[in-house]
Amino acid sequence: MIRMFDRSKRVRWLLVILIVASLAIITIDYRGKGNGPFEKIGHVALTVLSPIQHGLVAIFRPIGNFFAGFTEVPGLRARVSALQRQVAELRAGENSVAEVQRENESLRKLLGIRDRYNLDTMAAQVIGVSPSNFERTVFIDRGSRSGVKKDMPVIAGDGLVGRVIQVGPTTSEVLLLIDRSSAVASRVVSSGETGLLEGDGSEIARLELFNPDATLAVGDRVVTSGYDRGLFPPGIPVGTIVSAPPAQSNLSRVVKIQPFVDFSSLDYVLLIVGQTAASPSPTGSAAP
Amino acid sequence: MIWKRTLLLVLLSITGLAFETSVFGRATLVGAKPELLLLMVVAVGMSEGPAFGATAGFVMGLSTDLVLQLPAGVSALTFTIIGYVVGRVRSQVQAPGAWLPMVMVSVATFLGELFYAGFNRVLGEHFGALSVLRAAVLASAYNCLLTPFVFPIVRALAARLRPRAAEVGL
């Protein structure tokens, strides 16, 4: 009986020690504001994970794409069942061909946007996403050894993706523009009105316009404004307005933006290293 | 034997994180990802009791924190408490049914997501109440679906490295 009591007491002590250790870590990291010791350990963790992520992505990407397509296009279900017998024989080959085609399409779009906006870029593959449901980031297979630096803008074939927030030797983490902590100076192409585009963790971003009386319409395109020599070059396509309610106050107006980029199926991205002499399209009209 | 169990926790953390960030990052359930490491913590807690459950929670939570931008330590705190509570609750159940792991995983994931978001809110991170509730419900459902596949593997591995009675310190 005494032994059992001792054991129960020890377990409680262990719990207390682990809780105190967790609170100590929270305090140290909170005070360090992203520059504490855990940031460096995080780099090591990402470096250890990256080869495994590479392998898993190569093996499971076709399966993941299959599931993504399955949930997005329910209408395909009937067609698939009708062709099931034929598909069964060719499935392995067909999967790899479809994957190559999709990859090819993605790379062609990347080359297109790079040439259209005269950007000096570096290509990278997306090898992972944040494990949290409260954070919208992706991991790419380029790091400081390839010349990646913090705050480098990242684009995909359809438009702006986000910016680099953490750089390890061989991998980096990119903050997507739909994350809660993302903010991008943007401009509505049709009216020239500017504002700050912020994410809220969902697939839709919000644009807070500086002029509450701005004339806008659903379907208007939004591009980066490049305001005050910001992080992002001007004219990069961001998205379209999907909802434009009237201003709630006299100071600003918030509209909803559907980004051009499908963040759930990012394969390849371009990191903007610099910009060549020619300037980008001022209206962003060549965008998708 | 202790170092073997420590190694097991490290390997489970690395494998779980690699799957969470690659495979399950793409194969989402209506946009939500599962909490694979939390599922593993519940499996360890139910199989090995509150002490090893809390330890597993701390190690796996800290591993998760290292790849997140949100303040480090919050996942460690959340998973530690869950590992301990699950181990305690399991010891009170006299005749556990086959459904118990799925119920425990679902409830633990739901409460874990709420606690994680709530604690981050105290630290100044703001999440919308509806988006937190949505993430908690969907992650809980996703983890419930994964339980029959993940739970037996983790439980078997933990049981295989279970220390003999004489070695048990806690």
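The values are calculated or read from the model by the stated rules, or taken from the named source; none is laboratory data. This structure is a prediction, so every number in the text was calculated from the model and none was measured. Each accessible area value is taken on the protein alone, full model and side chains, heavy atoms only, with ligands, DNA and RNA left out. Shrake-Rupley method; radii C 1.70, N 1.55, O 1.52, S 1.80 Å.
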Open item on the list: Rg over Rh of the stretch A:165-204, using C-alpha atoms and the Kirkwood radius, what does it come to?
Closed with: 1.14
Task: Compactness index (Cα Rg / 2.2 N^0.38 Å), chain B - done: 0.99
TODO: Report the relative contact order of chain B, percent, no decimals, based on alpha-carbon pairs under 8 angstrom and at least 6 residues apart.
DONE: 28
Task: Computed over the stretch A:112-245: relative contact order in percent, which uses C-alpha pairs under 8 Å that are six or more apart - done: 17
Task: Three-way shape call for the stretch B:27-84 based on the alpha-carbon gyration tensor, with the a/c threshold at 1.5 - done: oblate
TODO: List the relative contact order of the stretch B:1-63 as a percent without decimals, with contacts defined as Cα pairs under 8 Å and 6+ residues apart.
DONE: 35
TODO: State log₁₀ I(q)/I(0) for the stretch A:135-222 at q = 0.17, 0.25 Å⁻¹ as given by the Debye formula over alpha-carbon point scatterers of equal weight, solvent excluded.
DONE: -0.74, -1.20
Open item on the list: Over 5 Å intervals from 0, what percent of Cα-Cα pairs in the stretch A:118-269 sits in each interval?
Closed with: 2, 10, 20, 22, 19, 13, 8, 4, 2, 0
Open item on the list: For the full complex of protein chains and a 1.4 angstrom probe, list B:Leu29, B:Leu36 by accessible area with the highest value first.
Closed with: B:Leu29, B:Leu36
